[in-house]
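The values are calculated or read from the model by the stated rules, or taken from the named source; none is laboratory data. Nothing here was measured: the structure is a model prediction, and the numbers come from that model. A quick note on method: Cβ atoms are made from the backbone with ideal geometry, for glycine too, and the neighbour counts reach across all protein chains shown. The area values use the complete protein model at the heavy-atom level, side chains included, leaving out ligands, DNA and RNA. Shrake-Rupley method; radii C 1.70, N 1.55, O 1.52, S 1.80 Å.
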Amino acid sequence: MHILRKLSNQSGYSVKYPTGIKQDLLDGGAPRSRRTTRNQYRTVNVNWTCKDGDLQYLLAFYEVWTRNPNQPFYTL
């Protein structure tokens, strides 16, 4: 597993949590709720402040990751 050794800005995180629940509206009465999928992925937007060589490191890491985008990675 690849490790990204560049910490992001703590204030630069935004996460979207999927609910996995769909509601079907019914004529007269409460909507019907049902679970659509399990173990959905979450989308995280992250920001970095880059200094001299940091941008090249991030671009190289991204290039390696795009060869297999389903592979997870850790950050340190």
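Computing Rg and Dmax of the Cα atoms in Å for the structure here picks out one of (1) 17.0, 55; (2) 11.4, 33; (3) 18.9, 62, namely (3). For the range 48-62, backbone phi angles converted through the Karplus equation (6.51, -1.76, 1.60; θ = phi - 60°) give residue-by-residue couplings of 10, 9, 9, 9, 3, x, 5, 5, 4, 5, 5, 5, 5, 4, 4 Hz, Gly and Pro being listed as x.
Translational D (Stokes-Einstein, µm²/s) of the range 22-66 at 4 °C and 1.567 mPa s when Rh comes from the Kirkwood sum over C-alpha pairs?
Numbers: Rh = 15.1 Å.
Value of D from the Cα-based Kirkwood radius: 86 µm²/s.
Under a 5 Å amide H cut-off, with hydrogens placed 1.01 Å from N, W48 pairs with N9 among residues at least 5 apart or on other chains.
Just tell me the longest site-free run in the chain, where the sites are chymotrypsin sites (Phe, Trp or Tyr not before Pro) in a DSSP loop having at most 15 other beta-carbon atoms within 10 Å. Display every interim value, and only then the final one.
Details: sites that count: Y13, Y41, W48.
Longest gap between qualifying sites, sites excluded: 49-76.
Between the amide H of L4 and those of Y74, T75, L76, distances stay under 5 Å, these residues lying 5 or more places away or on another chain, with hydrogens modeled in the peptide plane. For the pair Y62 and N9 in one chain, pulling the backbone fully straight at 0.36 nm per residue adds 17.3 nm over the alpha carbon distance. Whole-Hz Karplus values for the range 11-18 come out as 7, x, 8, 9, 10, 10, 9, x Hz, taken residue by residue from phi with 6.51 cos²θ - 1.76 cosθ + 1.60 and θ = phi - 60°; glycine and proline positions read x. The listed residues K51, K6, K22 rank as K51, K22, K6 when sorted by accessible area, largest first, using a 1.4 Å probe.
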